[in-house]
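**Q** Please see the structure below; I have some questions.
Readers should treat all values here as calculations from the given coordinates under stated rules, not as data from a laboratory. Because the structure is predicted, anything quoted here is derived from the model rather than measured. Note: ideal-geometry Cβ built from the backbone for every residue, glycine included; neighbour counts use all protein chains shown.
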Amino acid sequence: MHCAPTATGTFLGMGMAAVTTTQSKRTSSGRPNLTAYLFLMPAVVLVVLFFLIPTILVLYISMTNLTSANFTADIAQMEFIGFANFTTLFNDQFAQKILFNTLFYVLVTMAIFNVGASLFVSLLTTHINRRASFVFRALWLLPRITAGTVYIMMWRRMIADPPFGILNQALGAVGGTPITGSEYVWTFVVIVNGMIGMSFGMVIFTAAIESISKDIMNAALVDGSTMLQRIRYIILPLLRWPLLFVISYQTLSLLTSYEQILLLTNGGPGLYQTEVWALTAYHRALSNYFGNAQWGYGSAFAVVLVVIGVLLAALYMRVFRFRDLVAEPKIETL
Amino acid sequence: MKKVLGLTILVVVGLLMGSAAFAQETIDISVRCVGGEIDRWRCENFAAVEEQVEAELGISLNLTLTHDAKAWADYKNEFLLAAQAGEAPDIILSGHEDVGAWAPAGFIIPLDDLIAQHSEFEDIVPTLWESQSWDGQVWAIPQDSEARPIFFSRLLLADLGWSEEEIASLPERVRMGEFTFEDMIATAEQAVAEGVVESGYGFYHRPSIGFDWLPYYLGHGGEIMIEDGTLVFDTEAALGAYELIASFAARGVTRPDMIGYDWTQMYTEVAPADQVLFYQGGTWQWADWAVNYIADLGGNDYLLENMGLMLFPAMTEEEGPLTLTHPLSYMISSSSEHPEVAMALLAAVTTVEANNRHAIESFHLGILNAQVEAEPYKSHPVLSTAHYMLDYTRSAPNHPSYSAWANAYWLGITAAHTGEATPEEAVQLAVETLQNELGDGITIR
């Protein structure tokens, strides 16, 4: 029975020499592997349809003056105005503040919760009783699986201004000074979003930690390493790939997330105090109180967000040496 | 045999003629309305007049009425997308300001010619027509109106030492310009100083963006749109408005965190009339308070005893007292295949009987002059006494760029109210925003 080599270069029932030969043939011929491209097609179609085309459309709409007053779904009828929306955007006296808000929100939420706390919870729950760790992790998943509006309503009731609010009533009961939501608005925005985002990293990190070979850990134990040493010298270096993934994904996710802020503060109080870039795009394009939504101008905000996201993703890949991470195992390139 | 044949032919012909006479064209009309349960008559009125219109036009109607409490932005986008797809409902109810966007976009049709065919529209309160127009044509029919007055607590004014007569005459004194906005703030200041209300509880205003902020600008002589359709931002009027708004918190009559304050929390404090002296709101809120906030205290009867409402007192002598209305309006979409039938339906619901059903249940003001003389509107203790406010009402203009104007004006309000900018700086913020976004489309005075 003849066994054909698989697309990955491995095969069944043949020796290592044959592997090397196949590998060598595939790389030296330089011919495109049509089968591989065929396998890629469904993914390519989906990416083009749902990622590339919408991005191009948003880019085009950002260069039109599309509003409710001249709304059309026909691209040919939209009035092209070049970079006028971007000029208006960069001349907006609050654009800088909104950009700073966005960076602050993304960095602080990610550092404290989406990466920091999720890594901490993962390390903690992989070093305690397995059953207890399941319960603990399930509890941390609650904010993620609770309906967003319900979750925010709970927070709003919790931090409502005195004499309302569970927090203030608790503070009052122990003789504490009542607090108002507007005083600690960023604290609450970060906590509310962080509690949701944390579970993602927790699941990824926990899975990665648990997949570390027991042999390595046992060897470290035999060498007399402490728990902190094992975390520092074994676990964290082996988490480089999940860390890159979580940081990249969560940066993009936080950059484009605005739903919780919309429901919690709607960008206020005061002058854009908690307004983030994605929320401005939403406000401009889809939720103008007075009716005439600015689809073109709102799209310009969205395009800037896409550019920032792509630049940051490229930066992360460079910092974490993405090429090294996805390089084929040396055993297969001998 | 001939007799039988003749009789058969007669019967067949008779049947054919009879069926032709009785065969009526069935016309599909869809109506889209928005609002809570208490606003149900916005749509249900069409069902109530269905037979009447069928009889008048000799047609058979197949009405599709859709009413829900969708958020405004989603509701408007739904219409926008449906209109673009040519699937918009025949009749759409929305804020009158949408005329400014939907008329130039071609999503709704002008109604002047159709209005002329129905006498029902002749009795509409004249001040409401301005809000239904754009570019010299009428594009909408008012569905309801309201006054956005100042509510005052009879209870707290009595605590402040006002006599019953002084309290009862307050709305009239405001109307005559004898009790000004400054008098109102001074009274609130006095109430705080004497401990009748807590600091910050003398005057509550809207906690968020909205039309309610316009009276401050209009009351200082500001114009939004001039006759040729150009948008105007009057810096002097805006400065007056911002100075006044900034003074509320500075004088201790309004809580500094009023902008961004929770609506439910605010109503909980306002409705019992024992914590907040003056409140700037809308007539329809009365119905909400009676049912949802103070039902245990006696609901409507309690409010009648302890709460009163008056015009916005005069901010300047020239402008005098005023109020604002934001009529919801019926529009006919350009997708409608039967605009004449849609208009006949609109005429049928623009009657005292039909509009009273909505006005009484939702505490909105009527749109017809005759309503004030008709029962049950006439004997309604709130609506009948507030109806005169329609003579003092103003409204936002219908202009495609009004939203940019209003957002910039709101920016200045937020800046001045929170103290993040002085009133002068707030004016500058608004001006720069308007110039950046509208360019030549705005005249700064």
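**Q** In Å and on Cα atoms, what radius of gyration and Dmax does segment B:300-419 show?
**A** 18.5, 54
**Q** For segment B:116-161, just run the numbers: alpha carbon Rg, then divide by 2.2 N^0.38 Å, N being how many residues it has. Walk me through the numbers before you get to the answer.
**A** Working: Rg = 18.4 Å, N = 46, 2.2 N^0.38 = 9.4 Å.
Rg over 2.2 N^0.38 Å, computed on Cα atoms: 1.95.
**Q** Sorting A:Trp241, B:Trp41, B:Trp286 on the 10 Å Cβ count, fewest up front, what's the list?
**A** If I rank by nearby Cβ atoms, fewest first, I get A:Trp241, B:Trp286, B:Trp41.
**Q** Run the reach check for A:Lys97 against aspartates and glutamates, Cα to Cα strictly under 19 Å, same-chain hits fewer than 8 apart removed. What comes back?
**A** Candidates past the 8-residue exclusion: A:Glu183, A:Glu275, B:Glu420, B:Glu425, B:Glu432, B:Glu437.
**Q** Measure off 7 Å from each Cα along the Cα-to-Cβ vector at B:Ser199 and A:Thr146, then give the distance between these two points in nanometres to one decimal.
**A** 3.5 nm
**Q** Span-like helices, chain A: DSSP H, alpha-carbon axial extent 27 Å or more, mean Kyte-Doolittle -1.0 or greater, which ones? Don't skip to the answer; put the middle values down first.
**A** On the way: long enough: A:185-210 (37 Å, 1.75); A:295-319 (36 Å, 1.87).
Both cut-offs are met by A:185-210, A:295-319.
**Q** Which percent, to the nearest 5, of DSSP beta bridges fully inside the protein assembly as shown are antiparallel?
**A** 55 percent
**Q** By how many degrees, between 0 and 90 and to the nearest 10, does the Cα long axis of helix B:235-250 differ from the longest principal axis of chain B?
**A** With both axes taken from Cα atoms, the answer is about 60 degrees.
**Q** From Cα pairs below 8 angstrom and at least 6 apart in sequence, can you work out the relative contact order of segment A:63-208, rounded to a whole percent?
**A** It rounds to 28 percent for segment A:63-208.
**Q** When the Karplus curve 6.51 cos²θ - 1.76 cosθ + 1.60 is applied with θ = phi - 60°, which whole-Hz ³J(HN,Hα) does each residue of segment B:281-291 get, with x for Gly and Pro?
**A** x, x, 4, 5, 5, 3, 4, 5, 4, 4, 8
**Q** Please give every one of the aspartates and glutamates within straight-line cross-link reach of A:Lys214, meaning a C-alpha to C-alpha distance under 16 Å, and leave out same-chain neighbours fewer than 8 residues apart.
**A** A:Asp223
**Q** Once you keep just the Cα pairs under 8 angstrom separated by 6 or more residues, what percentage relative contact order results for segment B:207-258?
**A** Dividing the mean separation by the residue count of segment B:207-258 yields 29 percent.
**Q** Follow-up. Okay, helix-only estimate at 222 nm for chain A: each DSSP H run of n ≥ 4 adds -39500 (n - 2.57), divide by all residues, round to 500 deg cm²/dmol; what do you get?
**A** -19000 deg cm²/dmol
**Q** So for chain B, averaging the separation of alpha carbon pairs under 8 Å that are six or more residues apart and normalising by length, what relative contact order in percent results? Show your work: numbers first, answer last.
**A** Numbers: 790 pairs, mean separation 112.1, N = 445.
Relative contact order comes out at 25 percent.
**Q** Restricting to DSSP loop positions (anything but H, G, I, E, B) with no more than 12 other Cβ atoms inside 10 Å of their own Cβ, which GluC sites (Glu not before Pro) remain in segment B:177-278? Don't skip to the end; give the middle numbers.
**A** Values: sites: B:Glu178, B:Glu182, B:Glu189, B:Glu194, B:Glu198, B:Glu223, B:Glu227, B:Glu236, B:Glu243, B:Glu269; in loops: B:Glu178, B:Glu194, B:Glu198, B:Glu223, B:Glu227.
Qualifying residues, ordered by number: B:Glu194, B:Glu227.
**Q** Just the number: Rg to Rh for the protein assembly as shown, Cα atoms, Kirkwood Rh, two decimals. The partial results should precede the final answer.
**A** Details: Rg = 33.1 Å, Rh = 30.8 Å.
Here the Rg-to-Rh quotient is 1.07.
**Q** Another question, if that's okay. Two-decimal Rg/Rh of chain A from alpha-carbon positions, Kirkwood Rh?
**A** 1.06
**Q** Once label points are set 7 Å from the Cα along Cα→Cβ at both A:Phe50 and A:Leu171, what is their separation, rounded to one decimal in nm?
**A** Taking the two extended label points, one gets 4.4 nm.
**Q** Next up: Using 0.36 nm times the number of residues separating A:Gln229 and A:Phe104, minus their current alpha carbon distance, what extension gain do you get? Walk me through the intermediate numbers first.
**A** Values: separation 125, 0.36 × 125 = 45.00 nm, distance 3.21 nm.
Roughly 41.8 nm would be gained on extension.
**Q** List the residues whose amide H sits under 5 Å from the amide H of B:Leu65, counting only those 5 or more places along or on another chain, with H placed 1.01 Å from N in the peptide plane.
**A** Hits under the 5 Å cutoff: B:Val31.
**Q** Using modelled backbone amide H atoms (1.01 Å from N, in-plane), which distant-in-sequence or interchain residues come within less than 5 Å of B:Ile27's amide H?
**A** Residues meeting the amide H criterion: B:Ser60, B:Leu61, B:Asn62.
**Q** Specify the angular offset, from 0 to 90 degrees and rounded to the nearest 10, of the alpha carbon long axis of helix B:181-193 from the longest principal axis of the alpha carbons in chain B.
**A** Orientation of helix B:181-193: about 60 degrees from the principal axis.
**Q** Could you work out how much longer the chain between B:Ala55 and B:Asp113 gets when fully extended? Use 0.36 nm per residue separation minus the Cα distance between them, nm to one decimal.
**A** So the chain would gain 18.6 nm between B:Ala55 and B:Asp113.
**Q** Let me ask something else about it. Calculate one ³J(HN,Hα) per residue across segment B:342-358 by plugging θ = phi - 60° into the Karplus curve 6.51 cos²θ - 1.76 cosθ + 1.60, and present them in order as whole Hz with x for glycine and proline.
**A** So the J values, rounded to whole Hz, are 4, 5, 5, 5, 4, 5, 5, 8, 9, 10, 4, 4, 5, 6, 5, 4, 6.
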